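Below is one structure, written out as structure tokens, with a few remarks after it.
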Amino acid sequence: MNIFRLIVSEFIGMFVDDEFLAVSILAVVAACGLVVWSFHAGSLAVALLLVIGIAGVLMSSVVKGAAK
Amino acid sequence: MLPSTISWATAAPAVSAAFLASLVEVVEAFTIVLAVATVRGLRPALTGAVAGLGLLAVLVFTFGPLLDRIPLQALQLIIGVLLLLFGLRWLRKAILRSAGVIALHDEALAFAREASELRGAAARDERHLDWIAGLAAFKAIVLEGIEVVFVVIAVGAGRGLLWPAALGAVAACALVLAIGMLLRSPLSRVPENTLKFGVGVMLSGFGVYWTGEGLGVTWPGHDFAILGLVAFFLTFGLALVPIARAPVNS
């Protein structure tokens, strides 16, 4: 039973290591979804928001990790 | 090998990402299985490894067909987000390791630690040592193998590239096994952090691309946008290394 618990926790750990990074990624994707479905924004605007948002999240997470 | 609708702009990064990610994971699993074989012999190491591969096969054949039932756009969005979570996690860690903020992964150290734990277990409970050793090999194969399976599915499922991506992973396994059997020592000279950096870059590029597709984005240049995104994350990731180093040195 412990093995399966370990596998499940390892599986979750594959995606969530730094909570700030995981939550921020989901927030960026949710914001992009909101922009698409509520404001019917164009493809290029959503693509830019996604790329810039994800790059910003990565930078913040790295800077936070380095400062620890 | 590739259906005519699939461009090499999509296939090449997918196969490379599957190959390189698998290389990293298989090296880590090999280290543990080798430690088991060194301390307790080939039999428990192979038994554990084969059992682990069996469980992975069961998981793939049980959950694999479910992917066909998910609408393509939803599948792209789910896989895109999971790739972002997985890829950015690897890239972040590789940047921090390159900057010297966190220690590099050391296969020789991992080998020594596993061997020492098994010897400790032998001193405590000799009767069950084969079982404990087999379980260590089993765990290593399953835990590292799940990551390989995820990467193959994630880079392959959205564009019908499962088989080419799987071939990339199998090639990595064959390469590590061939070199490992020749050397019979942990593959500590594999530039693991560089590989992780490269894989993190590729998976982040794929993640942004699939998430965008899942949200209905039509990328400029279509599949070639993947190459652009990979180039962007490579440049951005490299630029973040000195930034991460700065607070440490100051």
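Given the structure, is B:S22 crowded, with 21+ Cβ neighbours inside 10 Å, polar (S, T, N, Q), in contact (Cβ under 8 Å) with a residue 24 or more places away in the chain and closer than 30 Å to A:V57 by Cα? Spelling it out, B:S22 is indeed crowded, with 21+ Cβ neighbours inside 10 Å, polar (S, T, N, Q), in contact (Cβ under 8 Å) with a residue 24 or more places away in the chain and closer than 30 Å to A:V57 by Cα.
The sole residue among B:A140, B:A165, B:A174, B:A157 that is of a type in the set (G, A, S) and free of Cβ contacts under 8 Å to residues at least 24 places away in the same chain is B:A174.
Filtering the stretch B:181-204 to residues that are closer than 24 Å to B:K93 by Cβ and over 15 Å from the mean Cα position of the chain (by Cα) leaves B:P186, B:L187, B:S188, B:R189. Filtering the stretch A:3-12 for residues that are of a type in the set (F, W, Y), at the interface with chain B (Cβ under 10 Å from one of its Cβ atoms), closer than 20 Å to B:V201 by Cβ and part of a helix (DSSP H, G or I) leaves an empty set.
Set side by side, the residues B:V81, B:V101 differ, and just one is modelled with pLDDT of 80 or more and within 19 Å of B:V155 (Cα to Cα), which is B:V81.
Scanning the stretch A:1-26 for residues that are of a type in the set (G, A, S) and farther than 15 Å from B:L83 by Cα yields a single hit, A:S9.
Could you tell me whether any residue of the stretch B:134-154 is surrounded by fewer than 18 Cβ atoms within 10 Å (Cβ to Cβ) and not β-branched (V, I, T)? No.
Of the residues making up the stretch A:13-25, those that are surrounded by 14 or more Cβ atoms within 10 Å (Cβ to Cβ) and either more than 9 Å from chain B (Cβ to nearest Cβ) or part of a helix (DSSP H, G or I) (or both) are A:M14, A:F15, A:L21, A:A22, A:S24, A:I25.
Table: residues versus (1) touching a residue at least 24 places away in the same chain (Cβ under 8 Å); (2) among the aliphatic types (A, V, I, L, M); (3) more than 14 Å from every other protein chain (Cβ to nearest Cβ).
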{"residue": "B:L55", "(1), (2), (3)": "yes, yes, no"}
{"residue": "B:L66", "(1), (2), (3)": "no, yes, yes"}
{"residue": "B:G87", "(1), (2), (3)": "yes, no, no"}
{"residue": "B:A94", "(1), (2), (3)": "yes, yes, no"}
{"residue": "B:G120", "(1), (2), (3)": "no, no, yes"}
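Residue-by-condition table, conditions (1) basic (K, R); (2) more than 9 Å from chain A (Cβ to nearest Cβ); (3) over 24 Å from A:A66 (Cα atoms):
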position: B:G160; (1), (2), (3): no, yes, yes
position: B:A165; (1), (2), (3): no, yes, yes
position: B:N193; (1), (2), (3): no, yes, no
position: B:F197; (1), (2), (3): no, yes, no
position: B:S204; (1), (2), (3): no, no, no
position: B:L229; (1), (2), (3): no, no, yes
position: B:R245; (1), (2), (3): yes, no, no
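Yes/no matrix, rows are residues, columns are (1) in contact with a strand residue (DSSP E or B) (Cβ under 6 Å, 6 or more places away or on another chain); (2) more than 26 Å from B:A246 (Cα to Cα); (3) modelled with pLDDT under 90; (4) of a type in the set (S, T, N, Q):
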| site | (1), (2), (3), (4) |
| --- | --- |
| A:I7 | no, yes, yes, no |
| A:G13 | no, yes, yes, no |
| A:G33 | no, yes, no, no |
| A:H40 | no, yes, yes, no |
| A:A47 | no, yes, no, no |
| A:M59 | no, no, no, no |
| A:A67 | no, no, yes, no |
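Out of B:G212, B:G216, which single residue is surrounded by fewer than 21 Cβ atoms within 10 Å (Cβ to Cβ), more than 16 Å from the chain's Cα centre (by Cα) and within 14 Å of chain A (Cβ to nearest Cβ)? Selected residue: B:G216, the only one of B:G212, B:G216 that is surrounded by fewer than 21 Cβ atoms within 10 Å (Cβ to Cβ), more than 16 Å from the chain's Cα centre (by Cα) and within 14 Å of chain A (Cβ to nearest Cβ).
Count of the stretch A:29-68 residues, restricted to those that are touching a residue at least 40 places away in the same chain (Cβ under 8 Å) and more than 7 Å from every other protein chain (Cβ to nearest Cβ), is 2.
The values are calculated or read from the model by the stated rules, or taken from the named source; none is laboratory data. For clarity, every value in this text was computed on a predicted model and none was experimentally measured. Don't worry about glycine lacking a Cβ; one is built from the backbone with ideal geometry, like all the others, and counts go over all protein chains shown.
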